[in-house]
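Let me begin by presenting the structure, written as structure tokens, before commenting on it.
The values are calculated or read from the model by the stated rules, or taken from the named source; none is laboratory data. Everything quoted here is computed from the prediction, not taken from an experiment. Reconstructed Cβ throughout: ideal geometry from the backbone, glycine too, with neighbour counts over all protein chains shown. Calculation scope for accessible area: heavy atoms of the full protein, side chains included, ligands and nucleic acids excluded. Shrake-Rupley method; radii C 1.70, N 1.55, O 1.52, S 1.80 Å.
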Amino acid sequence: MASGQYERERELQREVARQIEGALPGVEVLALEFTGKERFCVYVDHPQGVDHALCVRVTEVLHPYLDKYSVEVSSPGFERPLRTKAHFERAVGRAVRLKTTTGRAHGAVVSAGDRTVQVQNGAEPIDIPYDQIVRANLIDEGTTG
């Protein structure tokens, strides 16, 4: 993903999160990902879970964006998106896959610091700054090949 698109995605996520979280108390915007030139998906969560009715309410909040974008609203699913320190704190000990501005990594989350997440894959854990993370997801360990 080009850095310009990545920055647009981050900016749009902040904007959309403010609107959704302000209009629908309890709803957390986990991530926003461009899925096409004029399409994006918003991953949301709620303490009572995400059902179709909640997705419809989120879509209604995002109505102004429908002039410019095709909008999809989704629950986090098994491969939950991770973007913030709080997300990684909840994932300590779990396997994750990350795409950063400089490459890719995967491994188990060791710790979530103020500025970096520490991931172990091999002998030495590596520190990855949050601001370099383009995509990060839990790896669904429930499926076996």
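Structure data summary
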{"item": "Region 36-108 - percent relative contact order, Cα under 8 Å, separation 6 or more", "result": "30"}
{"item": "Where trypsin sites (Lys or Arg not before Pro) fall in DSSP loop in region 1-104, at most 10 other Cβ within 10 Å", "result": "37, 68"}
{"item": "Between helix 52-61 and the chain: long-axis angle, C-alpha atoms, 0 to 90°, nearest 10", "result": "70"}
{"item": "Difference of contour (0.36 nm per residue) and Cα-Cα distance, residue 79 to residue 18", "result": "19.6 nm"}
{"item": "Label point 7 Å beyond Cα of residue 141 along Cβ direction - residues of region 75-109 with amide nitrogen under 16 Å", "result": "78-80, 88-98, 106-109"}
{"item": "Cross-link partners of residue 37 among lysines (Cα-Cα below 18 Å; sequence separation of 8 or more within a chain)", "result": "68"}
{"item": "Three-way shape label, region 33-82, alpha-carbon gyration tensor, a/c 1.5", "result": "oblate"}
{"item": "Solvent exposure of the chain as accessible area per residue, Å², 1.4 Å probe", "result": "57"}
{"item": "Dipole-positive endmost among 81, 106, 40 within the chain (Cβ charges, Cα centre)", "result": "106"}
{"item": "Percent breakdown of C-alpha pair distances by 10 Å bin, ordered from the shortest bin, for region 67-145", "result": "19, 50, 23, 7, 1, 0"}
{"item": "Kirkwood Rh, angstrom, the chain [1 / mean 1/r, Cα pairs]", "result": "16.0"}
{"item": "Cβ charges +1 (Lys, Arg) and -1 (Asp, Glu), total dipole of the chain, debye", "result": "220"}
